[in-house]
Amino acid sequence: MMTTSTCETTSLTRIEVRRPASGGRCEVLLACSGSADRPLVRPMLLSSDEDGARVSLVPEGALLLAGDAVRIEVVVGPGAHLELVEPAGTVAYAMDGGCARWDVDVVVEAAAGLVWAGEPFVVAEGARVARRTRVRLGWEARLALREVLVLGRHGERPGVVEQDLVLLGAGDVPVLVESLQVGPDSSPLLLGARVMGTVTVVGERLPATTEGTRLDLEGRGTMVRHLADAAHLAVPHEAWAQARQLVRAICSSTRNCRPSALAR
């Protein structure tokens, strides 16, 4: 098990989107803070309207280095919609025995939707990273999440990564709990592949014809996964397009509902 005692919390990024009870354009709160000698992940507003917002997560410097600890908090209020995009991937560099953390805590409230288009997360040879993602979904909340994990840069062996994903439905009932530990000696767990691309949708199931290794979740949800030797081959493009379309279509049905009527 990875020792993380050398990691200290150095940056916090927070995104919150809410639909005002009186109507009108959504309220969008964007904030980030951290140590002056550490890079931040800065949220930048791309667009917003009465339904929600589109926000880009822009790293201000090289991430991740030994000692970096990035925390991202996301809140999507009742009936709102948020789309998060990443303009580039993230590289965890060799850490000379150190480690880094990447923690994500998401709350998607009643009848709200989150679409997060994650770019490749590269764990270079010599890196040691702990990634934790926890999502709490309210009543009739929807989620579309894309992740691409790359084990080592071209010609490298994998670094070490501990990756945990916890999705909780209404009442904190577990929807999906997954734990993955991969390093130079355990990469055969991925059948020799260097890249793992995953699309997870909660709130509706993807069509049965969707390509990729498929897991239908308890209730309404689907995880689709591809293994490949290159990032562009591992991304389940068809599944991602379908997931985005499903979430957006369902969220549009709440457009005429007041947030107060969605809370339960």
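Only one of (1) modelled with pLDDT under 95; (2) under 27 Å from His237 (Cβ atoms) fails for Arg131. Which number is that?
Of everything listed in (1) modelled with pLDDT under 95; (2) under 27 Å from His237 (Cβ atoms), Arg131 misses just condition (1).
What number of residues within the stretch 217-237 are part of a loop (DSSP other than H, G, I, E, B) and under 30 Å from Gly138 (Cα atoms)?
So the answer is 6.
Residue-by-condition table, conditions (1) of a type in the set (A, V, I, L, M, F, W, C); (2) out of contact with any Gly (no Cβ under 6 Å at 6 or more places or on another chain); (3) more than 17 Å from Leu165 (Cα to Cα); (4) assigned to a loop (DSSP other than H, G, I, E, B):
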site: Asp103; (1), (2), (3), (4): no, yes, no, no
site: Val107; (1), (2), (3), (4): yes, yes, no, no
site: Ala110; (1), (2), (3), (4): yes, no, yes, yes
site: Leu114; (1), (2), (3), (4): yes, yes, no, no
site: Ala117; (1), (2), (3), (4): yes, yes, no, no
site: Pro120; (1), (2), (3), (4): no, no, no, no
site: Arg131; (1), (2), (3), (4): no, yes, no, no
site: Arg134; (1), (2), (3), (4): no, yes, no, no
site: Trp139; (1), (2), (3), (4): yes, yes, yes, yes
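Please verify whether Asp37 is touching a His at 6+ places or on another chain (Cβ under 7 Å) and over 22 Å from Pro87 (Cβ atoms), treating the condition exactly as stated.
Working: touching a His at 6+ places or on another chain (Cβ under 7 Å): no; over 22 Å from Pro87 (Cβ atoms): yes.
Taking the combined requirement at face value, the residue does not satisfy it.
Restricting to the stretch 201-225, what's the tally of residues that are under 17 Å from Glu178 (Cβ atoms) and touching a His at 6+ places or on another chain (Cβ under 9 Å)? Talk me through it step by step, then tell me what you get.
If we filter the stretch 201-225 for residues that are under 17 Å from Glu178 (Cβ atoms), which is where we start, we get 201-202, 212-219, 221-225.
Next cut, touching a His at 6+ places or on another chain (Cβ under 9 Å) only: 212-213.
Within the stretch 201-225, residues that are under 17 Å from Glu178 (Cβ atoms) and touching a His at 6+ places or on another chain (Cβ under 9 Å) number 2.
Can you spot a residue in the stretch 187-194 that is surrounded by 15 or more Cβ atoms within 10 Å (Cβ to Cβ), over 23 Å from Leu114 (Cβ atoms), in contact (Cβ under 8 Å) with a residue 40 or more places away in the chain and not polar (S, T, N, Q)? Outline the logic, then answer.
Let us first name the residues in the stretch 187-194 that are surrounded by 15 or more Cβ atoms within 10 Å (Cβ to Cβ), namely 187, 190, 193-194.
Now narrow it down to the ones that are over 23 Å from Leu114 (Cβ atoms): 187, 190, 193-194.
Filter again for in contact (Cβ under 8 Å) with a residue 40 or more places away in the chain, leaving 193-194.
When the remaining residues are screened for being not polar (S, T, N, Q), the result is 193-194.
Yes, the stretch 187-194 contains at least one residue that is surrounded by 15 or more Cβ atoms within 10 Å (Cβ to Cβ), over 23 Å from Leu114 (Cβ atoms), in contact (Cβ under 8 Å) with a residue 40 or more places away in the chain and not polar (S, T, N, Q).
Does Asp164 meet the test of being out of contact with any Cys (no Cβ under 6 Å at 6 or more places or on another chain), farther than 26 Å from Ala53 by Cβ and either surrounded by fewer than 19 Cβ atoms within 10 Å (Cβ to Cβ) or charged (D, E, K, R) (or both)?
On the way: out of contact with any Cys (no Cβ under 6 Å at 6 or more places or on another chain): yes; farther than 26 Å from Ala53 by Cβ: yes; either surrounded by fewer than 19 Cβ atoms within 10 Å (Cβ to Cβ) or charged (D, E, K, R) (or both): yes.
Taking the combined requirement at face value, the residue satisfies it.
Check whether at least one residue in the stretch 148-162 is outside any loop (DSSP other than H, G, I, E, B), among the charged types (D, E, K, R) and closer than 25 Å to Glu125 by Cα, and report yes or no.
Kept after step one, since they are outside any loop (DSSP other than H, G, I, E, B), are these residues of the stretch 148-162: 148-151, 160-162.
After this cut, where a residue has to be among the charged types (D, E, K, R) as well, the list is 162.
Next, only the ones that are closer than 25 Å to Glu125 by Cα stay: 162.
So far as the stretch 148-162 goes, yes, one or more of its residues are outside any loop (DSSP other than H, G, I, E, B), among the charged types (D, E, K, R) and closer than 25 Å to Glu125 by Cα.
Please verify whether Ser56 is hydroxyl-bearing (Ser, Thr, Tyr) and closer than 26 Å to Leu167 by Cβ, treating the condition exactly as stated.
Numbers: hydroxyl-bearing (Ser, Thr, Tyr): yes; closer than 26 Å to Leu167 by Cβ: yes.
In short, yes.
Applying the selection to the stretch 86-101, what residues are charged (D, E, K, R) and in a loop (DSSP other than H, G, I, E, B)?
From the stretch 86-101, those charged (D, E, K, R) are 86, 96, 101; that's our starting set.
Glu86, Asp96 - these are the residues of the stretch 86-101 that are charged (D, E, K, R) and in a loop (DSSP other than H, G, I, E, B).
Which of the residues belonging to the stretch 91-108 are under 26 Å from Trp240 (Cα atoms) and surrounded by fewer than 22 Cβ atoms within 10 Å (Cβ to Cβ)? Quick ask: steps written out before the conclusion?
Here is the first cut: in the stretch 91-108, the ones under 26 Å from Trp240 (Cα atoms) are 91-92, 102-108.
Val91, Asp103, Val104, Asp105, Val107, listed by residue number.
The values are calculated or read from the model by the stated rules, or taken from the named source; none is laboratory data. Source: prediction; values computed, not measured. Neighbour counts run over all protein chains shown; Cβ positions are idealised from the backbone, glycine included.
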